[in-house]
Amino acid sequence: MTVGPGAGAPGAAERGGRGGQGCEGGEPWAGGRWVGALALANLGVWVGWFGPLQLLLARQAQHFTPGHKASTLALVTGIGAAVSLVANPVFGALSDRTTARVGRRVPWVVAGAVGGTAGLLVLAWAPDVAVMTAGWCLVQLALNASFAALTAAVPDQVPHRRRGMAGGWLGVSQVGGVLVGTALATAAGGIALGYALCAAFSLLAVVPYVAMRRDTALPPDAQVPFSIRQFMTGFWIDPRRFPDFGWAWLTRFLMNLSYSISTMYLLYYLTDAVHYSGDADTGVLILTALDAVTLLATVVIAGVWSDRTGRRKVFVVRSGLVISAATLLLAIWQTWTGAVVASLVLGVGYGVYTAVDFALLTDVLPSAADRGRDLGVINIANALPQVLAPAIAAPVVTRLGGYGVLYALAGAIGLAGSLLVGRIRSVR
């Protein structure tokens, strides 16, 4: 595998998100089997992330530093998110420029799966917080390579008119990853075995996608000399030149910040605020499952409906309002019943948002030649909230009013994100 070309071939289309109405190069789209294999590979990535994030990292932090569990969890997840912040756009840009015969994206999917497995096994046998942090950073580094390549493959292979559907199935795999990761971590009965099960699942999940060998090789006429300066400056996408891309980035950042604040301390919310009488790990699994049920009931339907109507913004705005309502329920109704209702409502909103917002984002990408890089820049809006959320949540919970204030703040941030979608002009 080599990385050869610089940022963008001469004459590349400026509006690469829509790509006409077909796939890159005018090829017929890959089909349902390919979307299924893509969703399974993406499921493996999310299992590798959320088995740890939902339970294992919190339990490990509690084991190593029982008196400072919240601060340790914030430190480890914050450093890992900082790695993700850099890794996703860099690996996306590298996949744009990879000249391997098997294609641009598949080599990074494979490398990411192997590296992510290694990182999870480091976590499984970590003796202290320092090794725990190193293991989580490796997981974030590697799985972001896979995630960047898988995400960029969608506009490569899927025409504009079907991207809502593809986004819906990616949403299914995302919530499925959260659910399966939580279930594996809970069923394992121990931290080390939980990490090992997540590692095995993440590695095996990419096999069908790789076996299909459906990838887009870089055309010879698109290969230009590599320039480190051009490579680095390419990550700045001027919002004055591409305002819709800028607004799409900002709205996704705010929605993900709201979601990160809401979910990061769910285990501690059940024990410290709700005073859940049962096992808190099981409580988190139940809430995750309820969220998954309503999300799965809406995510594909919303994506297909958006494709058929040709409208994106109205779905994203209304789903954002529903998500904000769910977080406000957690703020004012701090009981097990309230948490159950909020989880069901959150699933409805996040199902619609996940499918349609992804399709909207692919419609505002600045360049067809740099889809991996541009989606990587968008994915900074996923990773940066993970860096900021611990810094915001920890002092709010400990000194500024507790969980009610925390979830009210999350709701207000989500509300701002949903309303700003209206500033995007080129998408209906």
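The values are calculated or read from the model by the stated rules, or taken from the named source; none is laboratory data. Remember, predicted model here, so these are calculated numbers, not experimental data. Positions of Cβ are backbone-derived with ideal geometry, glycine not excepted, and every protein chain shown enters the neighbour counts.
The set of residues in segment 63-102 that are assigned to a loop (DSSP other than H, G, I, E, B) and either touching a Gly at 6+ places or on another chain (Cβ under 6 Å) or among the aliphatic types (A, V, I, L, M) (or both) comprises Thr99, Ala100, Val102. Checked against the criteria, Val83 counts as surrounded by fewer than 24 Cβ atoms within 10 Å (Cβ to Cβ) and either at pLDDT 90 or above or farther than 20 Å from Leu197 by Cα (or both).
To keep it simple, each residue is scored yes or no on (1) of a type in the set (A, V, I, L, M); (2) in a helix (DSSP H, G or I); (3) surrounded by 20 or more Cβ atoms within 10 Å (Cβ to Cβ); (4) on the phi < 0 side of the Ramachandran plot.
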| site | (1), (2), (3), (4) |
| --- | --- |
| Trp305 | no, yes, no, yes |
| Arg308 | no, yes, no, yes |
| Val316 | yes, yes, yes, yes |
| Val322 | yes, yes, yes, yes |
| Gly338 | no, yes, no, yes |
| Leu344 | yes, yes, no, yes |
| Val348 | yes, yes, yes, yes |
| Val352 | yes, yes, yes, yes |
| Ala359 | yes, yes, yes, yes |
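Just for segment 168-195: of the residues that are surrounded by fewer than 23 Cβ atoms within 10 Å (Cβ to Cβ) and closer than 21 Å to Val131 by Cβ, which one is farthest from the chain's Cα centre (by Cα)? Top of the filtered list is Gly190. Annotation for segment 395-404: no member residue is surrounded by 24 or more Cβ atoms within 10 Å (Cβ to Cβ) and in a helix (DSSP H, G or I).
Taken over segment 337-361, the criterion of being of a type in the set (Val, Ile, Thr) and touching a Leu at 6+ places or on another chain (Cβ under 8 Å) is satisfied by Val340, Val341, Val345, Val348, Thr354. Annotation: Thr99 fulfils all but one of (1) out of contact with any strand residue (DSSP E or B) (no Cβ under 9 Å at 6 or more places or on another chain); (2) touching a residue at least 60 places away in the same chain (Cβ under 8 Å); (3) surrounded by fewer than 24 Cβ atoms within 10 Å (Cβ to Cβ); (4) β-branched (Val, Ile, Thr); the unmet one is (1). Which condition does Ser260 not pass, out of (1) modelled with pLDDT under 85; (2) touching a Pro at 6+ places or on another chain (Cβ under 6 Å); (3) over 24 Å from Tyr407 (Cβ atoms), if it passes all the others? Evaluating Ser260 over (1) modelled with pLDDT under 85; (2) touching a Pro at 6+ places or on another chain (Cβ under 6 Å); (3) over 24 Å from Tyr407 (Cβ atoms) leaves (3) as the failure. Consider segment 417-428 and keep the residues that are surrounded by fewer than 17 Cβ atoms within 10 Å (Cβ to Cβ) and not hydroxyl-bearing (Ser, Thr, Tyr). The one that is modelled with the highest pLDDT is Leu419.
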